[in-house]
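Visitor: Have a look at this one before I ask anything.
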Amino acid sequence: MSELADRLRSELRAGLPERLPYRLGVAVSGGGDSLALLHLMNDLAHDEGIELSAATVNHHLRAEAATEALWVSDHAKSMGVSHDILEWHGWKKSGNLQDQARRARYDLLADWARRNQIGAVALGHTADDQAETFLMRLGRAAGVTGLSGMSTVRDRDGFVLLRPMLKITRQTLREYLTEIGVEWIEDPSNQDRRFDRVKARDGLVGLGEIGITVESLARVADNLAQARDALDHFTQESAAKVLVPVSGDVCLDREGFDALPQEIRRRLLIGCIRWIAGGDYPPRQSAVDVALHAIKQGNGTTLGGCILVTKAQKTWVCRELNAISHETCDPDQTWDKRWILSGPSGSDLQVKPLGEEGIAQVSGWRDFGKPRAALVASPAIWHKDVLISAPLAGFGNGWRAEIVSKWPDFHSSFLSH
């Protein structure tokens, strides 16, 4: 074993959790980063008795992609690693290509991992990717969380992503591949300046003249990640003092909330919105600032698919009816991504929002203690135009509403994953 290979294996292991699942996956595009990861992970798998599998996503964006995926498959199998090619045909030639492709890639990898009982999937992101991400987010005036970059471990709705090479440079990995005699594929899109990441990569070249390098920016991102974690813990402690989850909504104590620092109030509000409405991205900072001002003034407003309602010295954060007015599903299926309603069997039953028509049929809703705006956006069982049940509005009629098991616990949701 060469000195370089020995060092890389040590750095890779340090970037992984101490305890690893028995089955691990590796996402391999065929580029230098992911191929180096495949070889390093294969060595680790042999050392630790782990069953390793690999997958390549063919996005069907280039004519060469299918041939390249087959090449990766043959290479993996020659190493004794099982390999699958995952296909994406979803590009409609509109919108943000890189964002859509990334989401599709993660969804395909998550499904692949679940089918094969793979506990986590390793990705080939490097210190260069971390530095480029930092620069792109800096250009968007991101705060501490955005500038802290990618995390080494991320739980994405129960799908665990590992990024063990965030402290290793792209150049070092290519030196390693050259040393072990492995070629890699160069994706021409990595030279396409239509993409912000390519512009950030080019920008790093000039910044090196003043001492700003891939390594220094990766260290800055790591420092900010530690600051983010500290803020997360203080935010979680503050949430326990001023926020109370009530049947899927959140009741906020305005006096205690106003006494907190601005950054913590911002994080608390964003946390409430994301816990209630879900979503991959938080609301825009300008919209959050408007909502924070409304809370301080005791006014109502909307934000990120939620409605803020003032009641005495409390502000309720609830799902907004307009955001889910057309959401429907059958009983025992997931409604609005987080609710499951179950109860007596029946034909032609449907889960829909309670709405104004429904709340007019629930005589005792005022005794339930929640704002009207919260109740009209709650799930209900309907038989055509007849309300059968509204469990979260005090009209159970043999039915119950439960949050799906994969939905995060409210207070733990304030910690970064």
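Visitor: Filter the stretch 223-247 down to the residues that are assigned to a helix (DSSP H, G or I) and out of contact with any helix residue (DSSP H, G or I) (no Cβ under 8 Å at 6 or more places or on another chain) and list them by number. Let's see the steps before the verdict.
Guide: Residues of the stretch 223-247 assigned to a helix (DSSP H, G or I): 223-242.
Listed by number, the residues that qualify are Asn223, Ala225, Gln226, Asp229, Ala230, His233, Glu237.
Visitor: Is it true that Ser82 is touching a residue at least 40 places away in the same chain (Cβ under 8 Å) and in contact with a strand residue (DSSP E or B) (Cβ under 8 Å, 6 or more places away or on another chain)? Let's see the steps before the verdict.
Guide: Numbers: touching a residue at least 40 places away in the same chain (Cβ under 8 Å): no; in contact with a strand residue (DSSP E or B) (Cβ under 8 Å, 6 or more places away or on another chain): yes.
No: the conditions fail for Ser82.
Visitor: Output the number of the condition that Asp129 fails; it satisfies all remaining conditions of (1) open to solvent by 40 Å² or more (accessible area, probe 1.4 Å); (2) part of a helix (DSSP H, G or I); (3) under 30 Å from Arg284 (Cβ atoms).
Guide: The single condition Asp129 does not satisfy is (1).
Visitor: Kindly provide the set of residues from the stretch 351-368 that are open to solvent by 80 Å² or more (accessible area, probe 1.4 Å) and either farther than 28 Å from Gly271 by Cβ or charged (D, E, K, R) (or both), ordered by number. Talk me through it step by step, then tell me what you get.
Guide: If we filter the stretch 351-368 for residues that are open to solvent by 80 Å² or more (accessible area, probe 1.4 Å), which is where we start, we get 356-357, 360-361, 363, 366-368.
Those that are open to solvent by 80 Å² or more (accessible area, probe 1.4 Å) and either farther than 28 Å from Gly271 by Cβ or charged (D, E, K, R) (or both): Glu356, Glu357, Ala360, Gln361, Ser363, Arg366, Asp367.
Visitor: Consider Leu70 carefully, then state whether it is open to solvent by 30 Å² or more (accessible area, probe 1.4 Å) and farther than 26 Å from Asp128 by Cβ.
Guide: Details: open to solvent by 30 Å² or more (accessible area, probe 1.4 Å): yes; farther than 26 Å from Asp128 by Cβ: yes.
In short, yes.
Visitor: Is it the case, given these coordinates, that Arg194 is under 30 Å from Gln100 (Cβ atoms), open to solvent by 40 Å² or more (accessible area, probe 1.4 Å), modelled with pLDDT of 95 or more and out of contact with any strand residue (DSSP E or B) (no Cβ under 9 Å at 6 or more places or on another chain)? Write out each step before concluding.
Guide: Working: under 30 Å from Gln100 (Cβ atoms): yes; open to solvent by 40 Å² or more (accessible area, probe 1.4 Å): yes; modelled with pLDDT of 95 or more: no; out of contact with any strand residue (DSSP E or B) (no Cβ under 9 Å at 6 or more places or on another chain): yes.
When the stated conditions are applied, Arg194 does not pass them.
Visitor: Also, I was wondering about something else. Here is a list of conditions, (1) under 30 Å from Arg254 (Cβ atoms); (2) among the hydrophobic types (A, V, I, L, M, F, W, C); (3) assigned to a strand (DSSP E or B); (4) open to solvent by 20 Å² or more (accessible area, probe 1.4 Å), and Ala373 meets all of them except one; can you say which number that is?
Guide: (3)
Visitor: Say whether the condition of being open to solvent by less than 40 Å² (accessible area, probe 1.4 Å), assigned to a helix (DSSP H, G or I) and within 30 Å of Ala66 (Cβ to Cβ) is met by at least one residue in the stretch 111-124.
Guide: Checked the stretch 111-124: at least one residue is open to solvent by less than 40 Å² (accessible area, probe 1.4 Å), assigned to a helix (DSSP H, G or I) and within 30 Å of Ala66 (Cβ to Cβ).
Visitor: More than 27 Å from the chain's Cα centre (by Cα) and either closer than 20 Å to Glu179 by Cβ or open to solvent by 80 Å² or more (accessible area, probe 1.4 Å) (or both), is that true of Arg7? Before you say what the answer is, go through the steps one by one.
Guide: On the way: more than 27 Å from the chain's Cα centre (by Cα): yes; either closer than 20 Å to Glu179 by Cβ or open to solvent by 80 Å² or more (accessible area, probe 1.4 Å) (or both): yes.
It is true that Arg7 is more than 27 Å from the chain's Cα centre (by Cα) and either closer than 20 Å to Glu179 by Cβ or open to solvent by 80 Å² or more (accessible area, probe 1.4 Å) (or both).
Visitor: Still on this structure: Give me the residue from the stretch 398-417 that is more than 30 Å from Met150 (Cβ to Cβ) and surrounded by 13 or more Cβ atoms within 10 Å (Cβ to Cβ) and, out of that set, nearest to the chain's Cα centre (by Cα).
Guide: Across the stretch 398-417, the extreme among qualifying residues is Glu402.
Visitor: I want to confirm something. Restricting to the stretch 155-189 and keeping residues that are open to solvent by 20 Å² or more (accessible area, probe 1.4 Å) and part of a strand (DSSP E or B), which single residue is nearest to Asp74 (Cα to Cα)?
Guide: Val160
Visitor: Looking for something open to solvent by 80 Å² or more (accessible area, probe 1.4 Å), farther than 23 Å from Leu177 by Cβ and assigned to a strand (DSSP E or B) - is there at least one such residue anywhere in the stretch 84-91? Working first, answer last.
Guide: Quick first cut of the stretch 84-91, residues open to solvent by 80 Å² or more (accessible area, probe 1.4 Å) only: 87, 89.
Pick out the ones that are also farther than 23 Å from Leu177 by Cβ and you get 87, 89.
From the residues that got through so far, the ones that are assigned to a strand (DSSP E or B) too are 87.
Yes: the stretch 84-91 contains one or more residues that are open to solvent by 80 Å² or more (accessible area, probe 1.4 Å), farther than 23 Å from Leu177 by Cβ and assigned to a strand (DSSP E or B).
Visitor: Do you know which of the residues in the stretch 376-397 that are small (Gly, Ala, Ser) and closer than 24 Å to Leu308 by Cβ is most open to solvent (accessible area, probe 1.4 Å)? First the steps, then the outcome.
Guide: From the stretch 376-397, those small (Gly, Ala, Ser) are 377-378, 380, 389-390, 393-394, 396; that's our starting set.
Subsequent filtering for residues that are closer than 24 Å to Leu308 by Cβ retains 377-378, 380, 390, 393-394.
On the way: Ala377: 5, Ser378: 9, Ala380: 0, Ala390: 0, Ala393: 1, Gly394: 55 Å².
The residue in question is Gly394.
Visitor: I would also like to ask the following. Which one of the conditions (1) of a type in the set (Ser, Thr, Tyr); (2) surrounded by fewer than 16 Cβ atoms within 10 Å (Cβ to Cβ); (3) not in a helix (DSSP H, G or I) does Ser151 fail to meet, given that it meets all the rest?
Guide: (2)
The values are calculated or read from the model by the stated rules, or taken from the named source; none is laboratory data. Please read all numbers here as calculations on a predicted model, not as lab measurements. Every residue, glycine among them, receives a Cβ derived from its backbone with ideal geometry; neighbour counts consider all protein chains shown. When the accessible area is computed, the model is the full protein with side chains, heavy atoms only, and any ligands, DNA or RNA have been set aside. Shrake-Rupley method; radii C 1.70, N 1.55, O 1.52, S 1.80 Å.
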